[in-house]
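*Asks:* First the structure, which I've put down as structure tokens, then a few questions once you've had a look.
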Amino acid sequence: MSEKMSVAKEIEMRLREGLAPHSVEVVDDSESHRGHSGFQEGGESHFNVMVRAAAFEGKSRIARHRLVHSTLGPELIGRIHALALDLDV
């Protein structure tokens, strides 16, 4: 029986497949939000994501964020309480 993929790994996999970044880092920052809105025991609710990809070339900050959200998809986005994005070429 295989284990369920962590949300952080799923975020990274979808970004790698969808954007072909030359650099991607996903950090589960949930524990630092203990006691705040959206915190859930076991983590996987708050993430810091850094992506460097040619796909962002010529796009505004808003367009880059929209691209990441569409790449992750509504089902995965719906399981995340907070997603801090650092996006560049």
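*Asks:* Give me a count of the residues in region 13-33 that are at pLDDT 95 or above and either in a loop (DSSP other than H, G, I, E, B) or surrounded by 12 or more Cβ atoms within 10 Å (Cβ to Cβ) (or both).
*Replies:* Going through region 13-33 one residue at a time, the tally reaches 13.
*Asks:* Taking into account only those residues within region 5-25 that are of a type in the set (A, V, I, L, M) and without any contact (Cβ under 8 Å) to a residue 24 or more places away in the chain, which is farthest from Pro74 (Cα to Cα)?
*Replies:* Met5
*Asks:* Out of all the residues in region 47-60, which are outside any helix (DSSP H, G or I) and surrounded by fewer than 15 Cβ atoms within 10 Å (Cβ to Cβ)?
*Replies:* Once the filter is applied, which keeps residues that are outside any helix (DSSP H, G or I) and surrounded by fewer than 15 Cβ atoms within 10 Å (Cβ to Cβ), region 47-60 yields Glu57, Gly58, Lys59, Ser60.
*Asks:* I've got another one for you. Look at Glu44 and say whether it is farther than 12 Å from Leu87 by Cα, modelled with pLDDT under 95, under 14 Å from the mean Cα position of the chain (by Cα) and surrounded by fewer than 18 Cβ atoms within 10 Å (Cβ to Cβ).
*Replies:* yes
*Asks:* Also, quick follow-up: Filter region 66-78 for residues that are assigned to a loop (DSSP other than H, G, I, E, B) and in contact (Cβ under 8 Å) with a residue 24 or more places away in the chain and give the result.
*Replies:* Gly73
*Asks:* Continuing with this model, one more query. Please state which one of Ala8, Ala63, Ala84 is modelled with pLDDT of 95 or more, in a strand (DSSP E or B) and either more than 11 Å from the chain's Cα centre (by Cα) or among the aliphatic types (A, V, I, L, M) (or both).
*Replies:* Ala84 is the lone residue from the list that is modelled with pLDDT of 95 or more, in a strand (DSSP E or B) and either more than 11 Å from the chain's Cα centre (by Cα) or among the aliphatic types (A, V, I, L, M) (or both).
*Asks:* From the list Phe47, Phe56, which residue is touching a strand residue (DSSP E or B) at 6+ places or on another chain (Cβ under 6 Å) and touching a residue at least 40 places away in the same chain (Cβ under 8 Å)?
*Replies:* The conditions single out Phe47.
The values are calculated or read from the model by the stated rules, or taken from the named source; none is laboratory data. What you see is a predicted model, and the numbers here were worked out from it, not measured in a lab. Positions of Cβ are backbone-derived with ideal geometry, glycine not excepted, and every protein chain shown enters the neighbour counts.
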